[in-house]
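Have a look at the structure below, then the notes.
What follows is calculated from the coordinates using simple rules that are stated; it is not laboratory data. Predicted model, so just to flag it, every value in this text is computed and none were measured. Using ideal geometry, Cβ is built from the backbone for each residue, glycine included, and neighbour counts are taken over all protein chains shown.
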Ligand code: FES
């Protein structure tokens, strides 16, 4: 995508309007029928979902774009990453607070309740704090020292700044266990799948850990690539732990918080393929519901859920192309990140304010897809002893040696090393790391 093409609009037959009044509401709909429907409730309203899909995705398909409220200022929040990396989808599910509903599969019967609101998700009375304190609020010093008012203010501040209420029931203590493998791979995206598959095919015992509902990582937003990858790199012989968070690495032990309890993994080789956080746009109102990372919006679109208005794609690269392809005939606009001045809307994004030559204009949008450079998820590898380097374009990244090596028993590959997402590049890099790993472990 060259700069000359940015700002060009394509208009599908059902969404011909672009640019101007700001009257297009941010709405989503899922025109196609569900294959295996289940139902759950959101604040008492029945919602239909595809069995096993993330609850947040089902809510978007039912046009529930505001799922949460930010602490303190109570700004509306909606899903923006669909990978457990933001706070846009937090809700109380079956009595448990602060559940990331993008990481919780809909099985049917769940009771989902919006939290952190006085009133409703859409009309939270505490939203006034954002208007009263447009420059931000320092609740530590607000009315501090004023007799009487100080205590009232502190009580109030605790209520508005908290997030969720305690669980309805005391959760049972779950047992911890230890397991031993030849290879532990953290992150079940493209790089993790390639390396785990290669190691298992070579006869090593392999465990693959991921916090997502299923394996696939970013490729869940590019289903054709995911299918091709799993066909080329089958998971036979790999022990897979999904919905499991690799929470720490201590002296060769990997601590995993799994649904059934903690698991301590001791492996001869540990590979970090932890991916990257989605890039964000530093402009006013960049947190409005309806603004997604391009990879998150690609996943929404591939689930058959369409915004009721043009999609503004900001930036370029693989995920921008994937959004374009998933949109098919639906209207889209392209902008360079440097040209975006602000987002506007109240309950969700309605317009993008952009530079247009020497003037500015507002473009009506139904959703925004940010195809920007991600920030490598380096933290776990760093805890395992990796060094990092700072790249102004993408943040800190893991520094690897030859063959992706970090140390005697550790390796890293993929986006966490600073490689921008491109399936062909990541796959080739993962193959190199797999070769290095296998030669280090062999002969058995
Ligand atoms: S954490 Fe669920 S959408 Fe970002």
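Couple of notes before you dig in:
- Mean-position separation - Cα centroids, region 234-279 and region 400-432, in angstrom: 17 Å
- Each residue, residue 144 and residue 239, gets one label point 7 Å from its Cα in the Cβ direction; the gap between the two is 5.1 nm.
- By the count of other C-beta atoms within 10 Å, a proxy for reagent exposure, 442, 70 are ordered fewest to most as 442, 70.
- Least to most buried among 409, 359 (fewest other Cβ within 10 Å first): 359, 409
- Gaussian network model of the chain, springs between alpha carbon atoms under 10 Å - residue of 400, 351, 273 with greatest fluctuation: 400
- As a rough footprinting exposure proxy, the listed residues 120, 80 were ranked by other beta carbons within 10 Å of their own, and the order from fewest upward is 120, 80.
- Cα convex hull of region 276-353, projected area averaged across orientations, nm²: 5.1 nm²
- Here the spin labels are modelled as points 7 Å beyond Cα on the Cα-Cβ line, and at residue 262 and residue 232 they lie 3.9 nm apart.
- When the helices of the chain are scored as -39500 (n - 2.57) per DSSP H run of n ≥ 4 and the total is divided over every residue, the value at 222 nm lands at -6000 deg cm²/dmol.
- Extension gain, residue 440 to residue 45: 0.36 nm times the residue separation minus the Cα-Cα distance gives 136.6 nm.
- Distance between the modelled labels on residue 402 and residue 389, one decimal in nanometres: 1.8 nm (7 Å Cα→Cβ projection).
- Sites residue 308 and residue 165 - FRET efficiency at Förster radius 30 Å, r taken between beta-carbons, to 0.05: 0.30
- Straightening the chain between residue 98 and residue 355 buys 88.7 nm, computed as 0.36 nm per residue apart minus the Cα-Cα spacing.
- Isotropically averaged projected area of the chain, using the convex hull of Cα atoms (one quarter of hull area), nm²: 23.9 nm²
- For region 356-444, the convex hull drawn through the C-alpha positions has a volume of 149 cubic angstrom per residue.
- Most mobile listed residue (294, 428, 68) in the chain, GNM with C-alpha springs under 10 Å: 428
- Most fluctuating residue given options 289, 31, 310, as computed from a GNM of the chain linking Cα atoms under 10 Å: 31
- Net length available on complete extension from residue 32 to residue 283 is 86.9 nm, with 0.36 nm assigned per residue and the Cα-Cα distance removed.
- The chain: angle of helix 423-441 to the longest principal axis, Cα-based, in degrees nearest 10: 30 degrees
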